[in-house]
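Everything below concerns the one structure shown next.
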Amino acid sequence: MQSKSNIDAKNIIRMMEIAEIYALTKQTQKSERYHQIIILICDRYPKNEMMLIFKLESLNCLNRTYKSLETTNDLLNLNPYSSAALINIANHLKEEKHAF
């Protein structure tokens, strides 16, 4: 029997794919709505590394920098060696450098 988080993770992967298709076809509002739903689902599992990574990806797609960095911190608290968290920090630093 699959756990609820595994079922939700499979659904999130599909939802990410749909959101990406909407983004590529310039249907921004539909894409953003999928990312918002993904975040809500991930919020049910605040101590699940995989769910935090999904949440992080959706927050970045929505350009929610502050929440993205908060989630990165949560992810690093769970796994200090998380490559997704470290890459996210590097990407935000790179974006910040280009802003100046």
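The values are calculated or read from the model by the stated rules, or taken from the named source; none is laboratory data. Nothing here was measured: the structure is a model prediction, and the numbers come from that model. With ideal geometry, Cβ positions are generated from the backbone for all residues, glycine too; neighbour counts draw on all protein chains shown. Heavy atoms of the whole protein, side chains included, go into the accessibility calculation; ligands, DNA and RNA do not. Shrake-Rupley method; radii C 1.70, N 1.55, O 1.52, S 1.80 Å.
So here's what we get for this one:
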item: Above-threshold pairs, the threshold being 29 Å between Cα atoms, out of Lys30/Lys97; Lys30/Lys55; Lys4/Lys94; Lys10/Lys67; result: Lys30/Lys97; Lys4/Lys94
item: Average projected area [Cα convex hull, the chain], square nanometres; result: 7.0
item: ³J(HN,Hα) computed for each position of the stretch 57-64 - Karplus, 6.51 cos²θ - 1.76 cosθ + 1.60, integer Hz, glycine/proline x; result: 4, 5, 4, 5, 5, 8, 6, 9
item: FRET efficiency, 1/(1 + (r/R0)^6) with R0 22 Å, evaluated for Arg33 and Asp74 via beta carbons; result: 0.40
item: Solvent-accessible heavy-atom area per residue, rounded to whole Å², over the chain at 1.4 Å; result: 69
item: Carbon and sulfur %, accessible surface of the stretch 12-100 computed with the full protein complex present, 1.4 Å; result: 56
